[in-house]
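K.L.:
Below is the structure I would like to discuss, written out as structure tokens.
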Amino acid sequence: MSTLKFAVLAGDYIGPEVMSAALRVLEHVAGQENLQLDYTQADVGGAAIDRQGTALPASTLQICEQSDAILFGSVGGPKWEKLPTKEQPERAALLPLRKHFTLFANLRPGLLYPELTDASPLKSERIPHGIDIVCIRELTGGIYFGQPKSTTTLPDGDVEAIDTMVYRKSEIERITAVAVTAARARKKQLCSVDKANVLETSVLWRKTVTAYIAEHAPDIALSHMYVDNAAMQLARDPNQFDVFLTENMFGDILSDEMAVICGSLGMLSSASLGARSNSLGKPFGLYEPSGGTAPDIAGKNLANPCAQILSAALMLRYSFGLEALATRMEAAVRQTVTSGIRTGDIAFGRPSVGTIAMTDAIIANLS
Ligand code: IPM
Ligand code: MG
């Protein structure tokens with residue numbers, strides 16, 4: 001019997017509710033497939049600030065270190081908004097976790113089932129078959145982490161703040177390699193997004209991606225696009241992209257745009273992979289829904305558990321090599337939603353069900 005050893009960091013507001021839904025689904029499939037779940041829950045984010053005084057306690061990091069993957073919920077919310085930015089859950093938990101484990105590759109599938117095109121703010125005729133694209137975002141470099149980063153009061157009394165955007169060729173090459181793998185599993189099309197008409201880092205980005213593809217992946221059809229145009233093209237005709245690759249901050253912004261055109265944040269999963277292999281020789285990764293903590297609906301059995309369940313499926317696929325099982329879980333979510341069982345965020349005025357009933361229906365479709 002193989003054992004799946006992972007850390008469970010549920011976090012704040014709806015985090016624990018959708019996490020318990022994902023764990024129920026995992027328990028169910030583990031029973032079916034004769035797999036042993038060996039997971040450890042740990043505090044993170046606001047919950048960790050409240051209980052242990054810091055958003056990412058050393059004990060949590062240690063539990064993650066001893067695991068083969070991290071299943072992450074979501075962190076942050078109004079309760080901790082008055083803290084200095086550096087101590088807030090998002091910045092003090094998520095960013096250090098990404099950096100600590102060198103999780104440089106963020107894969108965000110932008111998937112809208114054809115049956116849910118109503119959920120998208122785009123006109124249905126622009127997306128007759130839904131949306132099916134992938135954003136690959138560099139996650140541990142660029143302006144998020146570059147030094148210097150400071151705020152200083154100048155001698156004349158004015159105040160100056162500095163962020164620094166830095167990229168090394170090697171960082172661009174390793175994320176390009178991930179994008180190539182993703183593109184090869186799909187249509188072998190890759191669009192690299194940058195701002196090479198203005199930024200030095202983008203000039204290096206474009207040059208490095210071009211050289212990498214020419215040398216290592218001539219089978220991939222590579223195109224380049226400036227980020228402002230990419231923002232526009234995503235809203236105009238998202239399916240012209242198959243896989244797009246971009247640096248950290250551009251990816252943050254474009255992936256939110258992608259999320260909104262895909263209808264509900266409650267449906268979108270993500271995987272952050274890095275340089276490390278886990279004890280199974282597979283990529284160590286952090287898997288989280290894209291939706292955030294949704295404080296307004298927390299504790300009311302209203303949250304859509306699909307994104308967390310789909311993130312658990314990504315964990316099975318990448319960190320545990322269980323491709324067939326991941327596909328089966330994804331199919332069960334899809335079947336549930338398309339059969340009309342939906343949480344409020346994707347119900348469009350039709351009757352909706354709560355988090356628990358939605359999870360029950362997904363489990364029933366897995367039986
Ligand atoms: C995301 C989030 C984070 C980011 C925040 C919470 C720090 O917006 O994962 O996209 O900016 O990377
Ligand atoms: Mg973001």
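The values are calculated or read from the model by the stated rules, or taken from the named source; none is laboratory data. Nothing here was measured: the structure is a model prediction, and the numbers come from that model. Virtual Cβ from ideal backbone geometry, glycine too; neighbours counted across all protein chains shown. To get the accessible areas, we keep the full protein, side chains included, count just its heavy atoms, and leave off ligands, DNA and RNA. Shrake-Rupley method; radii C 1.70, N 1.55, O 1.52, S 1.80 Å.
K.L.:
Give the residue, chosen from Thr293, Thr338, that is touching a residue at least 60 places away in the same chain (Cβ under 8 Å) and within 16 Å of ligand 1 (Cβ to nearest atom).
P.N.:
Thr293
K.L.:
Another question about this same structure. Can you tell me which of (1) over 19 Å from the mean Cα position of the chain (by Cα); (2) not in a loop (DSSP other than H, G, I, E, B) is the one Cys135 doesn't meet?
P.N.:
(1)
K.L.:
Now, a different point. Tally the residues that are at pLDDT 95 or above and either in contact with a strand residue (DSSP E or B) (Cβ under 7 Å, 6 or more places away or on another chain) or within 12 Å of ligand 1 (Cβ to nearest atom) (or both), restricting the search to segment 75-87.
P.N.:
The qualifying residues number 3.
K.L.:
From the residues in segment 281-318 that are open to solvent by less than 50 Å² (accessible area, probe 1.4 Å) and of a type in the set (Phe, Trp, Tyr), which one is nearest to ligand 2 (Cβ to nearest atom)?
P.N.:
Here the answer is Tyr287.
K.L.:
Using the structure shown, decide if Leu204 is within 16 Å of ligand 1 (Cβ to nearest atom) and not in a strand (DSSP E or B).
P.N.:
no
K.L.:
Looking only at segment 183-191, decide whether some residue is buried (at least 20 other Cβ atoms within 10 Å of the Cβ), under 19 Å from the mean Cα position of the chain (by Cα) and assigned to a helix (DSSP H, G or I).
P.N.:
yes
K.L.:
A follow-up question, please. Identify the single condition in (1) open to solvent by 70 Å² or more (accessible area, probe 1.4 Å); (2) assigned to a loop (DSSP other than H, G, I, E, B); (3) within 22 Å of Pro16 (Cβ to Cβ); (4) not aliphatic (A, V, I, L, M) that Phe348 does not satisfy, given that it satisfies every other one.
P.N.:
Condition not satisfied by Phe348: (3).
K.L.:
For the structure I just gave you, tell me whether Thr336 is under 26 Å from Leu35 (Cβ atoms) and either open to solvent by less than 50 Å² (accessible area, probe 1.4 Å) or outside any helix (DSSP H, G or I) (or both).
P.N.:
yes
K.L.:
Looking only at segment 245-276, count every residue that is in contact with a strand residue (DSSP E or B) (Cβ under 9 Å, 6 or more places away or on another chain), of a type in the set (Asp, Glu) and near ligand 1 (Cβ under 10 Å from one of its atoms) and tell me the total.
P.N.:
Selection size over segment 245-276: 1.
K.L.:
Any residue in segment 226-242 that is charged (D, E, K, R) sitting within a Cβ distance under 6 Å of a residue that is surrounded by fewer than 17 Cβ atoms within 10 Å (Cβ to Cβ)? List the pairs, counting only those 6 or more apart or interchain.
P.N.:
Listed by first residue and then by second, the contacts come to Asp242/Arg186; Asp242/Lys187; Asp242/Gln189.
K.L.:
Going through segment 4-25 one residue at a time, which ones are touching a strand residue (DSSP E or B) at 6+ places or on another chain (Cβ under 6 Å) and either open to solvent by less than 50 Å² (accessible area, probe 1.4 Å) or within 14 Å of Met315 (Cβ to Cβ) (or both)?
P.N.:
Leu4, Lys5, Phe6, Ala7, Val8, Leu9, Ala10, Gly11, Gly15, Met19
K.L.:
Kindly provide the set of residues from segment 97-124 that are over 26 Å from Ala275 (Cα atoms) and either of a type in the set (D, E, K, R) or surrounded by fewer than 16 Cβ atoms within 10 Å (Cβ to Cβ) (or both), ordered by number.
P.N.:
Pro114, Glu115, Asp118, Pro121, Lys123, Ser124, listed by residue number.
K.L.:
May I pose another question? Considering (1) more than 19 Å from the chain's Cα centre (by Cα); (2) at pLDDT 95 or above; (3) within 29 Å of Asp252 (Cβ to Cβ); (4) not in a helix (DSSP H, G or I), say which one Met358 fails and leave the rest.
P.N.:
(4)
K.L.:
With the checklist (1) over 25 Å from the mean Cα position of the chain (by Cα); (2) assigned to a loop (DSSP other than H, G, I, E, B) in hand, flag the one item His129 doesn't pass.
P.N.:
Status for His129: all satisfied but (1).
K.L.:
Return the pairs, sorted by first residue and then second, in which the second residue is within 16 Å of ligand 1 (Cβ to nearest atom) and acidic (Asp, Glu), the first residue lies in segment 260-282 and is over 21 Å from Ala69 (Cα atoms) and part of a loop (DSSP other than H, G, I, E, B), the beta carbons are less than 6 Å apart, and the residues are 6+ apart or on different chains.
P.N.:
Filtered contacts from segment 260-282: no entries.
K.L.:
Considering only residues of segment 81-96 that are within 13 Å of Gly15 (Cβ to Cβ) and of a type outside the set (Gly, Ala, Ser), which is most open to solvent (accessible area, probe 1.4 Å)?
P.N.:
By that ranking, first place goes to Glu90.
K.L.:
Okay, next question. Consider Glu33 carefully, then state whether it is within 23 Å of the chain's Cα centre (by Cα) and open to solvent by 60 Å² or more (accessible area, probe 1.4 Å).
P.N.:
Answer is no for this residue.
K.L.:
Within segment 237-258, how many residues are crowded, with 21+ Cβ neighbours inside 10 Å and not hydroxyl-bearing (Ser, Thr, Tyr)?
P.N.:
Number satisfying all stated conditions: 11.
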